[in-house]
Amino acid sequence: MEPGIWNDIIFENSTDNISEDSGDFELDFQEPCGRALSKNFNKIFIPTVYGIIFILGVIGNGLVVIVMGYQKKVKTMTDKYRLHLSVADLLLVLTLPFWAVDAASSWYFGGFLCVSVHVIYTVNLYSSVLILAFISLDRYLAVVRATNSQATRKLLASKLIYVGVWLPAAVLTIPDLVFARVQNTGSSSFLIFDESMETADSRILCQRIYPQDTSFTWSVVFRFQHILVGFILPGLVILICYCIIINKLSRGTKIQALKKKALKTTVILIVCFFSCWLPYCLGLFVDTLMMLEFPPGFTPSCDLQQAVEKWISITEALAYFHCCLNPILYAFLGVMFKKSARSALTASSRSSQKVTLMTKKRGPISSVSTESESSSVLSS
């Protein structure tokens, strides 16, 4: 199972349809479509892609965290957002190896890690996307309302980010604390409506297990919650703010080189965000409509169901690639960040050499100054 919520429909505490003479299931419904093809596809595709995202994400976001730590003091509001975003992305990609093993074989890590990984994944998935909305709002204030926005920007970066990002992300982990658990598919105490029913082999699952009488409702609600909070709301903020910024920077007959670079960077940010997240959320939305049998009277074919499932698997992995792109888009494009990173690596190498050559007491290495707020907003 991948960490997405699209296959979390699980019916628990149902024993009416289980034979007392054997441990086999006697289901009162007919499985609409076999999923062996998508299951075999996921066993290869998910571990491979998640492994790549894990390596790239750890390197990129880890470097940002190290450079920020080297600077000792975060001087600009842009730097604060960079640090928040890199921490969120780093923690998110650290959960991917668990899901890769789970998709390839089974869940081997026990109940405590099952809940813990779910919680870490959820809080950092939502916080990462919401931080991007805060960054776009900060850049809107800095570019469009530059004369009187300093106090508001400081308030956003210092205090409101915890109320508007980390607190909602933490609240959204409550379903994981309540429903996430480990369960063996060979158990005769529950029914599962997903691909694991195809095989008689026992498999340990780590996912949200909803009560039988409300499982369908819970699943639909959480799907729409994921689409709304994880894409639509932050996507609207990002799109509106950056479109206003583009309009502001495009005014006038002559566009300065700095404005051209800022305009190009802004367009790249919009395209990357929606290219990564729109296909996955669109697939999740279509799959949810098929669950709800909407439009009325429409019955999806087996081929369509399998195509949508494979689409979600592929586009979900594409969405997580945004964690690898964020360090490039929001840090490495900044001129001063590249200077800080170069200075950090150079100073680290120089200090390790001097330790063996010098015994005299030295003064502390001064941190590299960051760019001014306006330059940071435009160029990074």
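Each row is one residue, and each column tells you yes or no for (1) among the hydroxyl-bearing types (Ser, Thr, Tyr); (2) surrounded by fewer than 17 Cβ atoms within 10 Å (Cβ to Cβ).
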residue	(1), (2)
Ile268	no, yes
Trp277	no, no
Tyr280	yes, no
Leu289	no, yes
Thr299	yes, yes
Gln306	no, no
Ile312	no, no
Tyr330	yes, no
Lys339	no, yes
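So if I check each of Tyr50, Tyr70, which one is of a type in the set (Phe, Trp, Tyr), closer than 17 Å to Asn124 by Cα and in contact with a helix residue (DSSP H, G or I) (Cβ under 8 Å, 6 or more places away or on another chain)?
Just a single option satisfies the conditions, and that option is Tyr50.
Go through the residues of region 123-134 one by one and say whether even a single one is at pLDDT 95 or above and in contact with a strand residue (DSSP E or B) (Cβ under 7 Å, 6 or more places away or on another chain).
No, region 123-134 has no match at all.
Yes or no: Ser149 touching a helix residue (DSSP H, G or I) at 6+ places or on another chain (Cβ under 7 Å) and small (Gly, Ala, Ser)?
yes
Which residue out of Arg350, Arg362 is among the basic types (Lys, Arg) and either modelled with pLDDT of 80 or more or assigned to a helix (DSSP H, G or I) (or both)?
Arg350
Can you tell me which residue within region 98-112, out of those that are within 10 Å of Cys206 (Cα to Cα) and over 19 Å from the mean Cα position of the chain (by Cα), is surrounded by the most Cβ atoms within 10 Å (Cβ to Cβ)?
Among them, the one singled out is Trp107.
Filter the helices (runs of 4 or more DSSP H) completely within region 77-196 down to those with at least 3 residues that are at negative phi and without any contact (Cβ under 8 Å) to a residue 12 or more places away in the chain.
Answer list for region 77-196: 150-155.
The values are calculated or read from the model by the stated rules, or taken from the named source; none is laboratory data. This structure is a prediction, so every number in the text was calculated from the model and none was measured. Heads up, the Cβs are rebuilt from the backbone with ideal geometry, glycines too, and the neighbour counts pull from every protein chain shown.
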